[in-house]
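Report on one structure; see the data block that follows.
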Amino acid sequence: MTENEPRLTVSEAQLAHLGEGQVAYLRKVTSDDIRGRFPGLEGIAPGLELWALFAANGRPILLSDARERAIAGAFENELVPVSIH
């Protein structure tokens, strides 16, 4: 960036809504990690490796034991899946 280039500023509120309705975040998790994130998740065995799909704002969308199903869920909701680690 040079001195003459305008600086782009983004407010925290704008950043919080970035990708909303367009992007979904795919993440490999364990059943222990997500107990508090998915309301109504009861009776799931501890220590399972799962794939979680979250909206851009962090809202949980779905949980699956197969990565491909989680990706399909993003496409079914017309969202672009992005993998996070």
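Proximity of backbone amide H atoms, modeled 1.01 Å from N, is registered between Leu62 and Leu53 at under 5 Å, excluding neighbours fewer than 5 places apart on the same chain. Working note: Karplus 6.51/-1.76/1.60 with θ = phi - 60° gives the range 22-32 the couplings 10, 10, 10, 9, 9, 9, 7, 9, 9, 4, 5 Hz, where Gly and Pro are set to x. A simple rule links phi to the HN-Hα coupling: the Karplus curve 6.51 cos²θ - 1.76 cosθ + 1.60 with θ = phi - 60°, which for the range 56-71 gives 4, 8, x, 5, x, 9, 7, 9, 9, 8, 10, 4, 4, 5, 5, 5 Hz, with x for Gly and Pro. By the Cα gyration tensor, the range 22-83 has an equivalent ellipsoid whose semi-axes, rounded to whole angstrom, run 20, 12, 9 from largest to smallest. Net length available on complete extension from Ser64 to Glu3 is 17.1 nm, with 0.36 nm assigned per residue and the Cα-Cα distance removed.
Could you work out the relative contact order of the range 22-83, using alpha carbon pairs under 8 angstrom and six or more residues apart, expressed as a whole percent? Display every interim value, and only then the final one.
Numbers: 102 pairs, mean separation 25.3, N = 62.
Taking the mean separation of contacting Cα pairs over the length of the range 22-83, I get 41 percent.
None of the figures in this text is laboratory data; all of them are computed from the coordinates on show. Just so it is clear, the structure is predicted and the values come from calculations on it, not from any experiment.
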